1. Can you pull out the residues in region 116-161 that are among the charged types (D, E, K, R) and in a strand (DSSP E or B)?
2. Please note which strands (runs of 3 or more DSSP E) are completely contained in region 222-315 and include at least 1 residues that are open to solvent by 60 Å² or more (accessible area, probe 1.4 Å).
3. Out of all the residues in region 163-211, which are open to solvent by less than 10 Å² (accessible area, probe 1.4 Å) and either within 30 Å of G260 (Cα to Cα) or in contact (Cβ under 8 Å) with a residue 40 or more places away in the chain (or both)?
4. Answer yes or no: is there a residue in region 26-45 that is touching a residue at least 40 places away in the same chain (Cβ under 8 Å), more than 24 Å from R168 (Cα to Cα), open to solvent by less than 20 Å² (accessible area, probe 1.4 Å) and of a type outside the set (D, E, K, R).
5. From V105, V95, grab the single residue that is crowded, with 16+ Cβ neighbours inside 10 Å and more than 17 Å from the chain's Cα centre (by Cα).
6. Tell me which residues, restricted to region 174-209, are out of contact with any Pro (no Cβ under 7 Å at 6 or more places or on another chain), more than 22 Å from V27 (Cα to Cα) and outside any loop (DSSP other than H, G, I, E, B).
7. Looking only at region 210-221, which residues are touching a strand residue (DSSP E or B) at 6+ places or on another chain (Cβ under 8 Å), assigned to a loop (DSSP other than H, G, I, E, B) and farther than 25 Å from H108 by Cα?
8. Within region 141-156, identify whether any single residue is open to solvent by 40 Å² or more (accessible area, probe 1.4 Å), farther than 24 Å from P66 by Cβ and among the acidic types (D, E), and answer yes or no.
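The values are calculated or read from the model by the stated rules, or taken from the named source; none is laboratory data. These numbers come from a predicted model, not from an experiment. Because the Cβ atoms are built from the backbone with ideal geometry, glycine has one as well, and the counts that use them run over all protein chains shown. Heavy atoms of the whole protein, side chains included, go into the accessibility calculation; ligands, DNA and RNA do not. Shrake-Rupley method; radii C 1.70, N 1.55, O 1.52, S 1.80 Å.
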Amino acid sequence: MKLVFAGTPEVAVPALDALIASDRHEVAAVVTRPDAPAGRGRRLVASPVAQRAEEAGIEVLKPARPRDEDFLARLREIAPDCCPVVAYGALLPRVALDVPAHGWVNLHFSLLPAWRGAAPVQHAVMAGDAVTGASTFRIEEGLDSGPVYGVITEEVRPTDTSGDLLTRLAFAGAGLLAATMDGIEDGTLEPVPQPADGITLAPKITVEDAHVDWAAPALRVDRVVRGCTPAPGAWTVFRGERLKLVQVALVPEHTGLAPGELSAGKNNVYVGTGSHAVELLWVQPQGKKPMRGADWARGVRIAVGERVGGTDPAI
């Protein structure tokens with residue numbers, strides 16, 4: 001089939017690579033979000049998908065909105081058979097959805113209908129799911145509600161961050177998307193409507209969602225930290241400044257600390273929660289690089305009974 005691939009971030013690149021490598025399909029063009037400011041100089045930088053497409057000599061389309069007439073005219077001109085999508089980042093209007101004969105087929109990182117929305121992997125980790133996966137489905141105007149072509153499953157490991165899990169799903173999902181294109185092309189694959197039961201939503205994780213509640217059980221604290229890593233980053237407040245929590249560990253045997261209360265030893269620093277303590281393995285103070293929790297604790301000289309928590313004055 002002639003394909004127009006839509007995607008933007010790094011997580012979409014493995015799927016683009018898999019389709020470029022396919023001897024059954026032609027990636028005629030790529031659709032991605034416009035260049036965005038990045039780095040200290042805030043220079044405009046092309047998306048990872050745009051950069052990969054340019055390396056491969058593939059035409060790149062960067063509409064400000066996918067309903068822009070110039071973009072739609074070029075899409076009709078290319079006349080793709082199907083448009084595979086991975087984390088494109090913009091809503092597709094009906095007028096665009098109707099262009100390819102086989103529609104737009106999205107690789108979504110959950111087992112639909114679970115975790116429909118922008119942040120399925122983060123929500124799966126934060127909810128404590130033991131298993132998640134990826135699904136390919138035909139896009140319709142509802143939120144991730146279209147009929148499903150195929151799924152793969154992936155175990156959520158006890159120490160997985162959302163970044164760890166998303167990386168594995170990106171590579172495994174690339175194979176699923178390529179196989180879905182093959183099945184559509186040879187007529188062996190028909191999409192199946194999603195069940196009405198089991199729908200859960202996964203809206204974008206906000207900075208406030210990543211604010212750790214030390215009165216919650218330790219297991220919940222650990223899930224929030226892992227689910228919000230690498231973005232937006234779990235955080236708390238220490239001495240009036242934000243402290244990012246990069247990695248914590250459950251310490252069931254360490255009890256007796258009040259929620260948010262700190263206890264620092266020579267090589268460890270612990271924080272009380274609503275159940276037992278967690279150890280701060282890696283933290284990132286405001287304006288500094290990540291560091292080991294014990295090194296941070298030695299540097300700030302934690303007083304007996306001192307706590308983390310409270311409201312960030314910047315919010």
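1. The answer is R116, R138, E154, E155.
2. Counting at least 1 such residues, we get 241-251, 277-285.
3. L165, L169, A170, G173, A174, L177, T180, M181, A202, A210
4. yes
5. V105
6. Within region 174-209, L201 is the sole residue that qualifies.
7. V212, W214
8. yes
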